[in-house]
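For reference, the structure discussed in these notes is given below.
Bear in mind these aren't lab numbers, they're just calculated from the coordinates by the rules spelled out. Every value quoted in this text rests on a predicted model; they were computed, and no experiment measured them. FYI the Cβ positions are ideal-geometry reconstructions off the backbone, even for glycines, and counts take in every protein chain you see.
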Amino acid sequence: MTAAAAARQILTRLTEVMASRLHAQGKLDQVVEIIGECLTSEVCSIYLLREGMLELFATRGLNQSAVHVTRMAIGEGLTGAIAQKVETLNLAEAKAHPDFQYRPETGEEKFHSFAGVPIVYRERAVGVLCVQHVEPRRYEEVEIEALQTTAMVLSELIANAELVDEEEARGLTAEQSGPQTLTGLTLVKGLGAGVAVYHQPRVEITQVMAEDIEAERQRVYRAFDRMREQIDSLASQAEFGVGGEHEEVLETYKMFAYDEGWSRRINEAIDSGLTAEAAIERVQQHTRMRMREIDDPLLADRMHDLEDLANRLLRIVAGRFGTAASQGLRKDSILIARNLGPAELLEYDKRRLKGVILEEGSLTAHVVIVARAMNVPVIGRVNHGKGGGVRTTIREGDEILLDATAGSAIVRPLPQVADAFQTRFAKSREKQAAYASLRDVEPFTRCGTRIQVMMNAGLRDDMSALGLTGADGVGLFRTEFQFLVSATLPQRERQTRLYRDVLEAAGDKPVIFRTVDIGGDKSVPYLASDIAAQDENPAMGWRALRLALEREGLMKIQARSLLEAAAGRSLYVMFPMVSEPWEFDAAKAVFDEQLAFLRAQKKLLPERISFGAMLEVPALAEVLDVLLPRLSFLSIGTNDLTQFLFAADRANPKLAERYDWLSPSILRFLRRVMQTSLGSGIDIGVCGEMGGRRLEALALLGIGYRRLSITPAAVGPIKELVRKVDLAELTAAMNGWLASPDGSLRSQLSAWADARDIEYD
């Protein structure tokens, strides 16, 4: 008999039992009889979780007097080990196993062979189904699979009959249901508290047994077709890996998506009488158990990918395509995701979004920049909790205290820990209030040099921070945010309205608008390109100014919008990712053409227009002498510059901490750029995330930079830092360290700051 046939035989009889009017205990009593008969097993027993202990609820073959009497802790005996590890045991001689414990009241001493499978509810073992024989023998695969399928049906019965307490169903031990701390990489500093919400919520299976097997099979066939189309589409798009999924993951995805063995096992599970959803979950449970037996990190990674793909297939089958953003956040929430694209993060209500936990993520990914703009704390590379990682440690709805500054998250905190966290929260707000008091204080160094401290923005709402922080203006307004959140190309009127609102909010303070920087990990479907689709390295591909110059209409509309919005005001325009002077000339020519058009239409024009470039591509540094005479200002974008200088993909989690902004190589490069510009009269500054980190800001001041454009939350701390610095002393120290560097300057700068009572991150 095949596994499917054996399971089908059991399920057919169980269907009748489930439909009967018997009470829950009566149903369990019949279940053990049915399984025992179908598998010709001398013993069949069901243990369920009650009050933190596994209790014998029903048995065929053991002493009936032991029912509701025999109890054991999680991890105790063979049954407890199955529940603790959520894995199957198949033993020819039970007594030979180190976890074996003899319970005389059961009368099991005459039985030798033993097999047990966990009964799983909401991803937790809430019971154990076991069989025993007098004769020593290992159970066949067909029998084990029949038991596993039956266990799925039992989980539905248990849930419906409320045989297991809801709280107990959610977790087994103090470790599994109590507080846990996860650690990761700090991506955006800050504190946040809320309930756990998964970006892609897991599908809850409500119906296990199928009414029409052929219909379920067709549902699975259609789901596989759709999933394979999705994976192939990802493979052909440059933006695959929007969330940090790279080539290796893609190949694994494709391997699993087209794996005939996987689809065959799901089909066999359907043959046994399961619904499409239950069949997928049943096969996945089996895979999880098999994988737990293999202590191999590479296979563990593959398991993670398969889990992702199985969840994708489940969502397709169940018709659940939306993310948590589409459902809306009902409470203060901590969002959990493998990774996120910047557009995906912007879909969330920032009033409710209190933090983000990423299983991947890197310091310079664009989603991190967006999170900083939204003032949302983020930690990344959180993938190794005690319970096997984020997905097994954190459940939907769990309370989370996120300390992104320390790179940690406390899941299900104790009351006293939550109280201490709230105290820290209050102190943090006090510190922010202290920074706010510097709003009207101009940032002069101890030696009397005025430093320009500007802020980065990208949303209309960000502009309120200008007045709150006292920043000198907006050194970088990322116009692409409007494109990322739009399903279609934003119309000229919409763009004009946004830019005008931003300028009005800024008052007499300057706003530097960066023309649209999309492509790479900021792709939008309505600007898909055949060229971009073939990019092997999207970060260095058809993006930013390259894309804008190709899509002439795109840049013309944006140029017209900016010129009209700035009528009667000063307009500052900056072009991203300029690698050669002719690109700057070509971009400026688009604005000149639109300016001439508006002048011919007798439209009100900007009083003054200043054009600048971003230095992100190292090649531009070699032709600065050619370009500088054409510029009004130059801004260095340290995020992209870093990845290009170090050949380090900003989205690759393995490279997240590989390179340091305080590395001599990047500091020497930045100093050389500053020295090249001396005497040109060109205003030069930094508008990347580097300038918002206090130790890094010290380094930038020490090599000559006097304009920093940073996240609004960093304006207060940087102002405070500037007022404690003597530039001559700092510059001398930096020159000395860079003359004969010994790795990162982090330790030297830290010691220098400590000696002068300068706080740093």
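Taking label points 7 Å from Cα along the Cα-to-Cβ direction, D232 and R497 give a separation of 4.1 nm.
Once the Cβ-Cβ distance between A647 and S408 is put in as r, and R0 is 35 Å, what FRET efficiency do you end up with, to the nearest 0.05? It comes to 0.70.
Can you classify segment 450-755 as rounded, prolate or oblate using the Cα gyration tensor, where a ≥ b ≥ c are the square roots of its eigenvalues, rounded means a/c under 1.5, and otherwise it's prolate if a/b beats b/c and oblate if not? Prolate shape, in that a/c is at least 1.5 and a/b is the bigger ratio.
Taking amide H as placed 1.01 Å from N in the peptide plane, Y198 has its amide H under 5 Å from the amide H of I336, each at least 5 places away in sequence or on another chain. Cross-link partners of K427 among lysines, defined as those whose alpha carbon lies under 19 angstrom from its own and excluding same-chain residues fewer than eight positions apart: K189, K354.
Cβ-to-Cβ counts within 10 Å put K331, K95 in ascending order as K331, K95, the fewest first.
With a Cα cut-off of under 26 Å and a minimum spacing of 8 residues unless on different chains, the lysine pairs in segment 450-755 number 13. In this rough spin-label picture, where each label sits 7 Å from Cα along the Cβ direction, the Q64-E552 distance is 9.1 nm.
A cut-off of 5 Å between modelled amide H atoms, ignoring neighbours fewer than 5 places along the same chain, links A58 with I46. Summing +1 for each Lys or Arg and -1 for each Asp or Glu among the other residues whose beta-carbon sits under 13 angstrom from that of I682 gives +1.
Computing FRET efficiency as 1/(1 + (r/R0)^6) for S665 and A73, where r is the C-beta to C-beta distance and R0 is 60 Å, gives about 0.60. Distant-in-sequence amide contacts of V511, defined by a placed amide H-H separation under 5 Å and a gap of 5 or more residues or a different chain, comprise V474, Y572. Extension gain for the segment A600 to E396, taken as residue separation times 0.36 nm less the Cα-Cα distance, is 67.5 nm to one decimal. A straight chain from Q416 to Q207 at 0.36 nm per residue would run longer than the Cα-Cα distance by 71.2 nm. Per-residue extension of 0.36 nm, minus the Cα-Cα distance of V626 and T15, leaves a gain of 211.9 nm for this segment. Kindly state, to the nearest 0.05, the FRET efficiency for T287 paired with A96, given R0 = 35 Å and r defined as their beta-carbon distance. Calculated transfer efficiency: 0.80. On a straight-distance basis, which lysines could pair with K95 in a cross-link, Cα separation under 23 angstrom, same-chain partners fewer than 8 positions away excluded? Answer for K95, where 23 Å is the Cα cut-off: K85, K110, listed by chain and number.
Here the dipole of segment 450-755 is about 760 debye; that uses its Cα centre as origin and unit charges on the Cβ of Lys and Arg (positive) and Asp and Glu (negative). Once you sort the root eigenvalues of the Cα gyration tensor of segment 1-148 as a ≥ b ≥ c, which label holds: rounded (a/c under 1.5), prolate (a/b larger than b/c) or oblate (the other case)? In terms of gyration-tensor shape, rounded.
Spin-label pair D757-D461: with each label point 7 Å from Cα along the Cα-Cβ axis, the two points sit 3.9 nm from one another.
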